[in-house]
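**Q** Encoded as structure tokens, here's the structure I'll be asking about.
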Amino acid sequence: LLLNLPRELREKIIKQVLVAPCEPPQPKDLRKDTRRILPKSSSGAWQAFNRVFFERLPIPFVSLLLVNRQIHAETKEIINQTSQKPNYLLDFIFFRDCTLWPTWLSVPSIRTNVGTIYAQFRIFNVPDEILTESPSFSMYRPGNGSPPPVVWLFYHPLVGILRHGPSGEGPGLMVEKLVLDFLPSTDSGVLPLGPSGRNRDFFGRYEDVDESSSESVLAAEHLAHFVRSELVHLLYLSYHTMDYGKILYERIGEIEIMVDGKLDWTLGLSKMFNELPFGDPFGTISRKERKAAFLEWHRQTTDARSTAFPCGE
């Protein structure tokens with residue numbers, strides 16, 4: 001039937017399919033045997049990589065390429081004709097067993113330079129059918145110079161996407177804007193999100209949270225504050241974080257953090273990058289070589305950012 005339509009109308013349909021987002025999955029529909037775990041080498045995360053469940057076929061438009069040869073060719077032609085940077089839409093489910101389930105909702109085309117990646121985070125109680133062993137308190141306890149494993153839980157998909165794109169196996173991405181939007185939970189009884197001590201939730205230890213908000217909003221606020229705090233820590237590029245945080249400057253123009261669609265913070269990476277102090281980074285090389293290594297990295301990253309994000313520099 002599709003092939004019987006005029007070419008112009010068929011192209012309009014294909015373009016609409018390419019940009020139309022998929023519906024985000026519901027917890028009851030998730031299954032581990034339809035997901036995969038990407039190795040820690042994809043991101044450099046030390047821990048918790050085995051608690052992130054990626055899709056096996058993560059790119060929505062692939063189904064168009066499988067219809068037949070003609071639709072495959074026409075779809076590829078439309079994708080290749082588009083000069084504008086594509087925007088991606090990504091959904092994360094965070095379960096209280098400390099697992100993440102990312103799902104790509106819209107990937108109009110595979111490009112190395114993209115406009116905006118909008119990533120929404122939804123918080124749920126975990127269904128018994130997909131329960132991963134309950135995290136012990138060690139998931140939230142920092143190691144010797146290492147953050148708690150729960151930090152790696154969020155680091156793993158973020159850096160994996162920057163390095164390998166939506167497929168987890170392709171080229172990396174240069175992202176003009178990364179938007180992280182933390183949505184109020186639709187489940188009851190989601191607090192505390194993590195272990196509690198001294199009457200404080202691990203995720204709820206931030207002073208500027210309005211604790212009079214509803215439980216669903218508080219859950220989103222707590223997670224947003226946690227992720228923002230860890231991102232800022234990475235972006236400072238200390239002795240311990242240089243090797244892990246520098247990719248954020250190399251690949252992202254700016255980061256916006258929202259709660260329920262309302263902008264709470266903007267991390268202006270261009271300004272932060274230009275004001276980076278030279279401390280004592282690059283701890284994996286000899287001390288006498290560190291300053292030269294930092295300055296060379298800064299020069300190369302400045303050139304890359306100027307090319308990828310000319311309006312933000």
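The values are calculated or read from the model by the stated rules, or taken from the named source; none is laboratory data. The model shown is predicted, which means the values in this text are computed figures rather than measured ones. Using ideal geometry, Cβ is built from the backbone for each residue, glycine included, and neighbour counts are taken over all protein chains shown. The accessibility values were calculated without ligands, DNA or RNA, using every heavy atom of the protein model including side chains. Shrake-Rupley method; radii C 1.70, N 1.55, O 1.52, S 1.80 Å.
**Q** Of everything in the stretch 106-141, what is of a type outside the set (S, T, N, Q) and surrounded by fewer than 12 Cβ atoms within 10 Å (Cβ to Cβ)? Give them in sequence order.
**A** 128, 129, 133, 137, listed by residue number.
**Q** Take the stretch 1-49 and flag every residue that is open to solvent by 70 Å² or more (accessible area, probe 1.4 Å), of a type in the set (D, E, K, R) and touching a helix residue (DSSP H, G or I) at 6+ places or on another chain (Cβ under 9 Å).
**A** 7, 15, 28, 31, 32, 40
**Q** For the stretch 135-153, check the following and say yes or no: at least one residue is at pLDDT 95 or above, under 20 Å from the mean Cα position of the chain (by Cα) and of a type outside the set (A, V, I, L, M, F, W, C).
**A** Within the stretch 135-153 (the criterion being at pLDDT 95 or above, under 20 Å from the mean Cα position of the chain (by Cα) and of a type outside the set (A, V, I, L, M, F, W, C)), the answer is no, since none of the residues qualifies.
**Q** Residue under question is residue 87, and the condition is that it be under 30 Å from residue 138 (Cα atoms) and either without any contact (Cβ under 8 Å) to a residue 40 or more places away in the chain or open to solvent by less than 20 Å² (accessible area, probe 1.4 Å) (or both); does it hold?
**A** No; evaluated as a whole, the condition is false for this residue.
**Q** Cβ-Cβ below 6 Å, separation at least six or inter-chain, first residue in the stretch 35-52 and free of Cβ contacts under 8 Å to residues at least 40 places away in the same chain and of a type outside the set (Phe, Trp, Tyr), second surrounded by fewer than 19 Cβ atoms within 10 Å (Cβ to Cβ) and in a helix (DSSP H, G or I): which pairs?
**A** The qualifying pairs are 37/50.
**Q** Restricting to the stretch 160-198, name every residue that is closer than 19 Å to residue 35 by Cβ and in contact (Cβ under 8 Å) with a residue 40 or more places away in the chain. Spell out how you get there, then give the answer.
**A** Within the stretch 160-198, the first condition is being closer than 19 Å to residue 35 by Cβ, and the residues that meet it are 160-161, 164-170.
Matches in the stretch 160-198: 160, 161, 164, 165, 166, 167, 168, 170.
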